[in-house]
Amino acid sequence: MKLPVEGKSFFSSKKSDQALENKKQKEMDLLKLTIKFSPFSALGIISGQRLKENYDYIVSIADFK
């Protein structure tokens, strides 16, 4: 799922940088939730792969406590 970038502004790079960071965090949270509720399904495995490939993030047990 591709989330839109909210708060993007032509004149304010600080605002757009924050919007991109918020988008990244939301996408990561959604992928982690998918893994939490269905870790061994095809969707859960693909979500883990996307976290690694797109965000260089490896899921651990600490993410689900």
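Every read-out reported here was derived from the displayed coordinates using simple, explicitly stated rules and does not represent laboratory data. Because the structure is a prediction, the values reported are computed rather than measured. Virtual Cβ from ideal backbone geometry, glycine too; neighbours counted across all protein chains shown.
Evaluating 6.51 cos²θ - 1.76 cosθ + 1.60 at θ = phi - 60° for every residue in region 28-36, the Karplus couplings come out as 5, 4, 5, 5, 5, 5, 4, 5, 4 Hz, glycine and proline recorded as x.
Restricting the calculation to Cα atoms, region 13-64 yields a radius of gyration followed by a Dmax of 12.2, 40 Å.
Using the Cβ atoms and a cut-off under 9 Å, what net charge is assigned to the surroundings of D63, where Lys and Arg are +1 and Asp and Glu are -1? Residues near D63 contribute +3 overall.
Amide H to amide H distances under 5 Å link Y57 with K52, where only residues 5 or more positions off or on other chains count and H is placed in the peptide plane.
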